[in-house]
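The values are calculated or read from the model by the stated rules, or taken from the named source; none is laboratory data. Because the structure is a prediction, the values reported are computed rather than measured. Glycine gets a Cβ as well: all are built from the backbone with ideal geometry, and neighbour counts include every protein chain shown.
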Amino acid sequence: MLQKFKNIYHLGQAFLAALYFNFPAKSLTIIGVTGTDGKTTTANMLFHILKTSGHKVSMVSTIGAQIGSKQLNTGFHVTTPSPFQLQKLLKRAVDSGSRYFVLEATSHGLEQNRLAFVDFNIAVVTNITTDHMDYHKNWQNYSTAKAKLFKNVQFSILNMDDESYSFLKDRTSGRQVGYSIQKKAYFNLEKFPLKLKFCEEYNLSNYLAAASAASLLGVPKPKILSAIREFSGVDGRMQEVDAGQEFKAIIDFAHTPNALKMALTELKKKKLPESKLIAVFGAAGERDKTKRPLMGEIAASLADTSVITAEDPRRENLDSIIDQIAQGFQKLKKNIYTDYYRIPDRSKAINFAVGLAGPEDTVAFFGKGHEKSMCFGKKEYPWDEVREVKKAIERKIKNGK
């Protein structure tokens, strides 16, 4: 009941904000991108294609806002801003001369009416796996919230390789268009033979989603393919840190079971048979608890060694969070031998993992990615994953380890 009142409050707030800024969405072609994983890469890829093709475009994504030529911060841990902030950004985009606006759309933002009075022209989904079960309770509710993005749009772009396809295909509006890297679809790898700087399969899917949207917006195929070849990726997404070490250090934002599984699977494919894959990760406090043992089980089955540590514990007990992740390791210990360590302090965890790495090993740090803070209690403390990893590597090199 309380949540219903909050949703009504957000709806009223969204209307007043849209009214105050004179309904700026009506002057833009807005592309909404939703999904459990990959929506930030997809949104940034689409933004890049449109921009390099000569179009004036703005964007709001997990890593911030790009309004015209200006980069703006939307706050800590924010993907979908508040209604007033979002309408203000839309107005600034109109004033900057933008024609297109790419917007990440979360299940919370859709369910809570924070995206009300934003007229989407195109809706894109990357995938729907498992996340936010603390809020949505089950996959059906979670998917139903995401399906709200597909109401009253001109084009609905669906991932035919994902479980969400069968759920969403009867819940869309406008022209339904599918994309696939495995099946025959309107948009596939034959139509868009993508040459990427990154070869992860899930990024092929993300980039194909972006290419599909760009094509429907009228961007010629040669320009799409050219832009994709130039795209250098997104900060904190499979970002390699090179400080002169003999091993690979990778920073990735993976914070869901599906994302962690995909990332570790790809890294495991690339490592040498005799080398080790070391994973450093945690789980956010006051968020979905059901995913914690699943992430532990995934790391136990794919990484050679794992270090469980802090990732925004908020007001929750960090040791309890680590206990729940460790349940996944304990579940598999009879079948698979894998080392895991509990180091709550993330700086110490990073230094420890780097210290374990030998030549040709891979150390991957998950969950923080691009973020610039970590939350303990109600307070945000400065945090820079890239800086911390570089410092650890430099310390290792200096000590000759």
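Worth pointing out:
- Considering the stretch 275-357, the qualifying helices (runs of 4 or more DSSP H), each wholly inside and each with 2 or more residues that are more than 18 Å from His255 (Cα to Cα) and assigned by TED's automatic domain parsing to the domain that holds Gly369, run over 318-332, 346-356.
- Residue list for the stretch 238-274, restricted to those being in contact with a strand residue (DSSP E or B) (Cβ under 6 Å, 6 or more places away or on another chain) and either on the phi > 0 side of the Ramachandran plot or part of a loop (DSSP other than H, G, I, E, B) (or both): Met238, Val241, Ala254, Lys271
- Of residues in the stretch 168-189 being crowded, with 18+ Cβ neighbours inside 10 Å, more than 17 Å from Thr42 (Cα to Cα) and modelled with pLDDT of 90 or more, the one farthest from the chain's Cα centre (by Cα): Thr172
- With respect to (1) assigned to a helix (DSSP H, G or I); (2) closer than 20 Å to Ala326 by Cα, the lone exception for Ala392 is condition (2).
- Residue in the stretch 195-210 that is in contact with a His (Cβ under 9 Å, 6 or more places away or on another chain), within 28 Å of Ala284 (Cβ to Cβ) and at pLDDT 95 or above present: yes
- Members of the stretch 231-279 that are crowded, with 18+ Cβ neighbours inside 10 Å, out of contact with any helix residue (DSSP H, G or I) (no Cβ under 8 Å at 6 or more places or on another chain) and either within 17 Å of Ala392 (Cβ to Cβ) or among the polar types (S, T, N, Q) (or both): Phe247, Lys248, Asn258
- Check on Lys223, surrounded by fewer than 24 Cβ atoms within 10 Å (Cβ to Cβ), assigned to a helix (DSSP H, G or I) and touching a residue at least 60 places away in the same chain (Cβ under 8 Å): yes
- Within the stretch 6-40, considering residues that are part of a strand (DSSP E or B) and of a type in the set (S, T, N, Q), the one surrounded by the fewest Cβ atoms within 10 Å (Cβ to Cβ): Thr29
- Checking each residue in the stretch 358-389 for being in contact with a Lys or Arg (Cβ under 9 Å, 6 or more places away or on another chain) and part of a helix (DSSP H, G or I) picks out Glu385, Glu388.
- Any helices (runs of 4 or more DSSP H) falling wholly within the stretch 101-198 and containing at least 3 residues that are closer than 17 Å to Asn258 by Cβ: 133-136, 139-147, 164-168
- Residues being of a type in the set (Gly, Ala, Ser) and surrounded by fewer than 21 Cβ atoms within 10 Å (Cβ to Cβ) - total across the stretch 41-93: 7
- Scope the stretch 23-75; condition within 15 Å of the chain's Cα centre (by Cα), β-branched (Val, Ile, Thr) and farther than 21 Å from Ala116 by Cβ; matching residues: Thr36, Thr40, Thr41, Thr42, Ile63
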